[in-house]
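Accompanying notes for the structure given below.
A short reminder: the numbers here are calculations on the coordinates, not readings from a lab. All of these numbers come straight from a predicted model, not from anything done at the bench. When we count neighbours, we look across all protein chains shown, and the Cβ atoms used for this are built from the backbone with ideal geometry, even at glycine.
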Amino acid sequence: MLYIISTPIGNLKDISLRAIEVLENLDILLCEDTRHTGMLLKKLGIKNNPKLVSYYMETEEQKIPEIMEYLKKDLEVGLVSDAGTPLLSDPGWLLVKRCQKENVNYTAVPGASALINGLVLSGLPMGRFCYLGFLPKKDGDRKKILSKYKEIEGTKVVYESPFRLKKLISQIKEIFGDKVEIRICREMTKKFEEVLSPEKLSGEKGEAVVVFY
């Protein structure tokens, strides 16, 4: 069976009891970075020693036949991303689609998600929202996507690197107008967690979740 396992986005205490139980009983664990995941298992006190298999966006499709063989041998296979919920801007959806096609059992072990956490912290309406993930690096492509979503009602959520954050905010204001409300959520669940409006933004502190309405 395939288990899609959410892991903490910063605070290790956010791991669920169910996730720990599943991790303790896996044969194979698919992960973006085997070293990173190995350290996570150690910090969580996982005594099981599953085989760690590298599984990231660029190799996802070519790895699927190997993984399906594991699953058809009735091995317990887990999938994690570096942090948070897999498949959200991370690999995994192609594997789930193949499991559906070949009637292989799978389930999700829910937990931390930067997307949901950012929405909750933003203080903006959550009745309807659109997740845009990471936008393209080229200005023209970014503006094209933002313009497309301008016509869709509801709050929008974008993941962004610290180096393009100010540029993104400028483009959002340009396309959505000066009345747009923007919140930047950084270091979520950690000691220095912050939720900022654009005028209070300073420094570069890792990836941010940008929520605007």
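Table for the structure above
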item	result
Relative exposure of Leu30, Leu132, Leu95, judged by other C-beta atoms within 10 Å (fewest first)	Leu132, Leu95, Leu30
Pairs beyond 27 Å (Cα-Cα), from Lys138/Lys173; Lys156/Lys200; Lys47/Lys205; Lys63/Lys167; Lys42/Lys97; Lys47/Lys73	Lys47/Lys205; Lys63/Lys167; Lys42/Lys97
Residue exposure sequence - Tyr213, Tyr149 - by fewest surrounding Cβ within 10 Å	Tyr149, Tyr213
Using alpha-carbon coordinates, inclination of helix 34-44 to the longest axis of the chain, degrees	80 degrees
Alpha-carbon centroids, the range 128-168 and the range 170-213: separation in whole Å	12 Å
Estimated [θ] at 222 nm from DSSP helical runs (n ≥ 4, -39500 (n - 2.57)) normalised by residues in the chain, nearest 500	-10000 deg cm²/dmol
Electrostatic dipole magnitude of the chain [Cβ: Lys, Arg +1; Asp, Glu -1; Cα centre; debye, to 20]	500 debye
Label-zone membership for the range 169-201, site Glu153, 7 angstrom Cα→C-beta point, backbone N under 20 Å	176-177, 179-181
Per-pair calculated FRET efficiency, R0 = 30 Å: Leu87 and Lys138 via Cβ, rounded to 0.05	0.75
Order of Asp74, Asp14 under a 10 Å beta carbon neighbour criterion, fewest first	Asp74, Asp14
Simple spin-label estimate for Asn49 and Lys13 in nanometres, 7 Å along Cα-Cβ	3.1 nm
Reachable aspartates and glutamates from Lys191, criterion Cα separation under 20 angstrom, eight or more residues apart if same chain	Asp14, Asp82, Glu204, Glu207
Gain in span if fully extended, Leu196 to Thr34, counting 0.36 nm per residue against the direct Cα distance	55.0 nm
